[in-house]
1. Filter region 92-132 down to the residues that are of a type in the set (S, T, N, Q) and under 22 Å from PHE20 (Cβ atoms) and list them by number.
2. Please specify each residue of region 194-206 satisfying the condition of being touching a Gly at 6+ places or on another chain (Cβ under 9 Å), touching a residue at least 60 places away in the same chain (Cβ under 8 Å) and surrounded by 16 or more Cβ atoms within 10 Å (Cβ to Cβ).
3. Go through region 94-103 residue by residue and tally those that are within 10 Å of TRP8 (Cα to Cα) and not basic (Lys, Arg).
4. Please verify whether PRO116 is in contact with a Leu (Cβ under 7 Å, 6 or more places away or on another chain), buried (at least 21 other Cβ atoms within 10 Å of the Cβ), within 19 Å of GLY54 (Cβ to Cβ) and in contact (Cβ under 8 Å) with a residue 12 or more places away in the chain, treating the condition exactly as stated.
5. Got a sec? Which helices (runs of 4 or more DSSP H) wholly within region 127-232 have at least 1 residues that are under 18 Å from the mean Cα position of the chain (by Cα), of a type in the set (S, T, N, Q) and closer than 16 Å to LEU56 by Cα?
6. Can you name the residue in region 54-74 that is aromatic (Phe, Trp, Tyr) and in contact (Cβ under 8 Å) with a residue 40 or more places away in the chain and is also surrounded by the most Cβ atoms within 10 Å (Cβ to Cβ) among such residues?
7. Would you confirm whether or not region 144-152 contains a residue that is touching a helix residue (DSSP H, G or I) at 6+ places or on another chain (Cβ under 9 Å), without any contact (Cβ under 8 Å) to a residue 60 or more places away in the chain and within 30 Å of THR74 (Cα to Cα)?
8. Hand me the list of helices (runs of 4 or more DSSP H) wholly inside region 1-100 holding 1 or more residues that are modelled with pLDDT of 75 or more.
Amino acid sequence: MSVAALSWFYVKAYGNSYRFVQPLVPTLVLLAILSGAPPSSPGAAQAAALETLGYLSVFMIPVWAWASRQLLDTEPDTHRLVSATMMNSRLRLLAGRLLACYAVGLVFSVVALLPPLWMTVQSGADVRVLLAGAVLLVVEPAVALVFGILTSRALMPSTGMSTLVFLVGLLLAALLDARGRFRAGPPIVSGVGAANEGLDALLAALPVITLRALVWTIAGIGVYAFLRSRRE
């Protein structure tokens, strides 16, 4: 069985269980809060779309992380056994799980992109705004994925402790990123800061944000793989 097929197996099971409704509800509430009638002028619409995309890249992180953790935590024991049986490699099994988590995050990103897309189309704003924001909404789910998997049930059986670590970790990372004192850490609020400064500032910041997210994701997955291998 291929990694892609295993990932689809996980995503399909997640969708059929309707567990996605729980993170979807706060996503829709967030979109309702951030969305509004598009400004009449392209310049104002561009600023509004940038602001919306920037805030989405921050406020969606708990949703993406929650969905990733949820996909792993609610996996039935029989499902886990079937997956392990179908895959002859622990590395491929891990890749299938993580790819499924990331794919679910991207689905929520597509939903989150709908209001900015509507603003851009209705007002005729610069399409680069939407593209730059789309990059954020592709990069940040990988950042959030690490928070989700490192606090999953496989590593932290206690629901209360995992939730506490999850929330404190996100808050601490956001505070350090906001103060600019932890450049090696995850880019939590860097995207919204650049977006609020304008399109040129966001475009200039995207390579650094993407690099930081890549390093953080690789390091987080490495830690997760090591810790999970010791528990299986």
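1. In the first step, residues of region 92-132 are kept if they are of a type in the set (S, T, N, Q); the result is 109, 120, 122-123.
Within region 92-132, just SER109 meets the criteria.
2. The initial filter retains those residues of region 194-206 that are touching a Gly at 6+ places or on another chain (Cβ under 9 Å), namely 194-196, 201-202, 205-206.
Okay, now just the ones that are also touching a residue at least 60 places away in the same chain (Cβ under 8 Å), so 194-196, 202, 206.
Of everything in region 194-206, those that are touching a Gly at 6+ places or on another chain (Cβ under 9 Å), touching a residue at least 60 places away in the same chain (Cβ under 8 Å) and surrounded by 16 or more Cβ atoms within 10 Å (Cβ to Cβ) turn out to be ALA194, ALA195, LEU202, LEU206.
3. Of the residues in region 94-103, the ones within 10 Å of TRP8 (Cα to Cα) are 96-97, 99-100, 103.
From what is left, the residues that are not basic (Lys, Arg) are 96, 99-100, 103.
The qualifying residues number 4.
4. Details: in contact with a Leu (Cβ under 7 Å, 6 or more places away or on another chain): yes; buried (at least 21 other Cβ atoms within 10 Å of the Cβ): yes; within 19 Å of GLY54 (Cβ to Cβ): yes; in contact (Cβ under 8 Å) with a residue 12 or more places away in the chain: yes.
Spelling it out, PRO116 is indeed in contact with a Leu (Cβ under 7 Å, 6 or more places away or on another chain), buried (at least 21 other Cβ atoms within 10 Å of the Cβ), within 19 Å of GLY54 (Cβ to Cβ) and in contact (Cβ under 8 Å) with a residue 12 or more places away in the chain.
5. Values: elements: 127-150, 159-179, 190-197, 199-229.
Where helices (runs of 4 or more DSSP H) fall fully within region 127-232 and carry at least 1 residues being under 18 Å from the mean Cα position of the chain (by Cα), of a type in the set (S, T, N, Q) and closer than 16 Å to LEU56 by Cα, they are 190-197.
6. Taking region 54-74 first, the residues aromatic (Phe, Trp, Tyr) are 55, 59, 64, 66.
Filter once more, keeping what is in contact (Cβ under 8 Å) with a residue 40 or more places away in the chain: 55, 64, 66.
On the way: TYR55: 18, TRP64: 28, TRP66: 21.
Checked region 54-74; the qualifying residue surrounded by the most Cβ atoms within 10 Å (Cβ to Cβ) is TRP64.
7. No: region 144-152 contains no residue that is touching a helix residue (DSSP H, G or I) at 6+ places or on another chain (Cβ under 9 Å), without any contact (Cβ under 8 Å) to a residue 60 or more places away in the chain and within 30 Å of THR74 (Cα to Cα).
8. On the way: elements: 3-16, 21-34, 42-59, 61-73, 77-86.
So the answer is 3-16, 21-34, 42-59, 61-73.
The values are calculated or read from the model by the stated rules, or taken from the named source; none is laboratory data. Just so we're clear, the structure is a prediction, and the values are computed from it rather than from any experiment. No Cβ is skipped: glycine too gets one built from the backbone with ideal geometry, and neighbour counts run over all protein chains shown.
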